[in-house]
Amino acid sequence: MKQQKVHLIAAARPNFMKVAPLYHALRSQDWCVPLLVHTGQHYDANMSDDFFADLGLPDPDHHLGVGSGSHAEQTGAVMVAYEKVCQRERPDWTVVVGDVNSTVACALVAAKLCIPLAHLEAGLRSGDRSMPEEVNRIVTDRLADLLWTPSLDGDANLKAEGVADERIEFVGNIMIDAFELQRPQIDALGMAVHFDVEPGNYGVVTLHRPSNVDDPAILTQIVEVLAAVSRRLPLVFAVHPRTRARLRDFGLAASLEQQKGIRLSEPLRYNEFMNLVCATKLAITDSGGIQEETTYLGIPCLTLRPNTERPITITQGTNRLVNSETLADVIDSVLNGETRMTKRPELWDGKTAARVAQSLHRHSLRARPERCS
Ligand code: UD1
């Protein structure tokens, strides 16, 4: 039997840990050959290549080198470049992950070329269409032939939007697979020592959402709260390139650098960052993935957002939504030992990639997508 070609679309930092476990699971199967397509949405070594290295991914089979731009520029450039790849080497499947601009761009290309399309991490909804990622999720899920959800709220969202039951499969959270695959390497590092903080007695901070970092008044308020917190709890702040640029633009970088309790760092590698998360007292973030990783590890997570597309991290996990006004009080309650009962969400068990590989194989035995027949 001819091996099926499966394009795995990797684009930006949060995609790499979703693609890697699936790449490894598919590489060991005889019915398919996984091919990595890197769109180049993230291109700095510390946002891309280092993650490939840590996650054991080979060089991409196709590198589109798209880079930064406005949403339309970035989405359009990925579409133009990915369409050329598909015309040269038509895949049997395009698999997109997450919710970044490259996800929706490649989904559109596959849908128009009648290439079967699968979405890993389908069904998540924040209900906030001012978030670019929410628009990307809605459009991608509308186009996908096969939708793999990380939690049952995803299934419910998709059904409410009219997606047919047979296209939805609850497979669990593949981020947990990435963490468990890397765990020996993660545990071997000593990032607390590197940052001169005491294990169990520091906080980890990441911020990059436009809603937090692009408005000078909001970013100023967040910086003030972090400075106040750092006088009681040392903070390690791994600064995203967008945030670094805004801190500089708004004249906030110097005041942050002067805080004795704040260790500023470039974006960290995957293994380094997860080592730091494993021994942290709490995380302060606006990332999607960190809400999930902290729930899995039972570590308090304070999410600087008005909503989340990952509600299970609140209902079953350690996550709480905060804003720059409530952050200090919530940190106080965590430092005073207030804990929450938590349980690991169903199928967050490190076996998601195997379930996805099986599902893909099962669906590969069927005909072309219904929409194109
Ligand atoms: C993107 C994703 C977001 C994801 C985040 C994780 C979209 C709409 N957003 O947001 O969902 O959570 O990645 O990081 O797809 N830059 C660099 N080096 C890089 C990459 C970016 O310097 O390797 C700079 C860009 O020039 C730009 C800024 O960082 O100024 C933002 O990058 P961009 O990819 O546009 O969006 P993110 O904010 O990273």
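The values are calculated or read from the model by the stated rules, or taken from the named source; none is laboratory data. Just so we're clear, the structure is a prediction, and the values are computed from it rather than from any experiment. Quick reminder, even Gly has a Cβ in these numbers, built from the backbone with ideal geometry, and neighbours come from all protein chains shown. Only protein heavy atoms, including side chains, enter the accessible area calculation; ligands, DNA and RNA are left aside. Shrake-Rupley method; radii C 1.70, N 1.55, O 1.52, S 1.80 Å.
The residues listed here are V6, V80; of these, the one that is open to solvent by 50 Å² or more (accessible area, probe 1.4 Å) and more than 16 Å from the ligand (Cβ to nearest atom) is V80.
Filtered by the rule that a residue be within 15 Å of the ligand (Cβ to nearest atom) and among the aliphatic types (A, V, I, L, M), the range 57-70 gives L64, V66. Could you please let me know if N319 is open to solvent by 30 Å² or more (accessible area, probe 1.4 Å), without any contact (Cβ under 8 Å) to a residue 40 or more places away in the chain and of a type in the set (S, T, N, Q)? Judged against the criteria, N319 is not a match.
Residue pairs whose Cβ atoms lie under 9 Å apart, separated by 6 or more positions or on different chains, with the first residue in the range 218-237 and touching a residue at least 40 places away in the same chain (Cβ under 8 Å) and the second assigned to a strand (DSSP E or B) and open to solvent by 20 Å² or more (accessible area, probe 1.4 Å), are L235/R263; V236/R263; V236/L264. Is it fair to say T39 is in contact with a Cys (Cβ under 8 Å, 6 or more places away or on another chain), at pLDDT 95 or above and within 30 Å of I186 (Cα to Cα)? Judged against the criteria, T39 is a match.
Within the range 227-272, being part of a loop (DSSP other than H, G, I, E, B), away from the ligand (no atom under 16 Å from the Cβ), more than 16 Å from T285 (Cα to Cα) and of a type in the set (A, V, I, L, M, F, W, C) holds for one residue alone: L252.
Take the conditions of a type in the set (S, T, Y), under 18 Å from the mean Cα position of the chain (by Cα), more than 19 Å from V163 (Cα to Cα) and within 16 Å of the ligand (Cβ to nearest atom) and apply them to S102. Does it pass? The answer is yes for S102. Scanning the range 254-285 for residues that are modelled with pLDDT of 95 or more, among the small types (G, A, S) and over 26 Å from the mean Cα position of the chain (by Cα) turns up just one, G261. Go over the candidates T342, T308, T280 one by one and state the one that is buried (at least 23 other Cβ atoms within 10 Å of the Cβ), assigned to a loop (DSSP other than H, G, I, E, B), out of contact with any helix residue (DSSP H, G or I) (no Cβ under 6 Å at 6 or more places or on another chain) and not aromatic (F, W, Y). Within the list T342, T308, T280, the selection yields T280.
For (1) within 9 Å of the ligand (Cβ to nearest atom); (2) free of Cβ contacts under 8 Å to residues at least 60 places away in the same chain; (3) open to solvent by less than 40 Å² (accessible area, probe 1.4 Å), each residue gets a yes or a no:
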{"position": "P34", "(1), (2), (3)": "no, yes, yes"}
{"position": "T39", "(1), (2), (3)": "no, no, yes"}
{"position": "D50", "(1), (2), (3)": "no, no, yes"}
{"position": "L55", "(1), (2), (3)": "no, no, yes"}
{"position": "A72", "(1), (2), (3)": "no, yes, no"}
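Could you tell me whether any residue of the range 102-119 is more than 29 Å from L304 (Cα to Cα), in contact (Cβ under 8 Å) with a residue 40 or more places away in the chain, open to solvent by 20 Å² or more (accessible area, probe 1.4 Å) and outside any helix (DSSP H, G or I)? Checked the range 102-119: at least one residue is more than 29 Å from L304 (Cα to Cα), in contact (Cβ under 8 Å) with a residue 40 or more places away in the chain, open to solvent by 20 Å² or more (accessible area, probe 1.4 Å) and outside any helix (DSSP H, G or I). Counting the residues of the range 122-155 that are touching a Pro at 6+ places or on another chain (Cβ under 6 Å) and open to solvent by less than 20 Å² (accessible area, probe 1.4 Å) gives 1. Taking residues in the range 337-361 that are on the phi > 0 side of the Ramachandran plot, and partners anywhere that are among the β-branched types (V, I, T) and modelled with pLDDT of 95 or more, the pairs with Cβ atoms closer than 7 Å and at least 6 places apart or on different chains are L347/V171; G350/I176.
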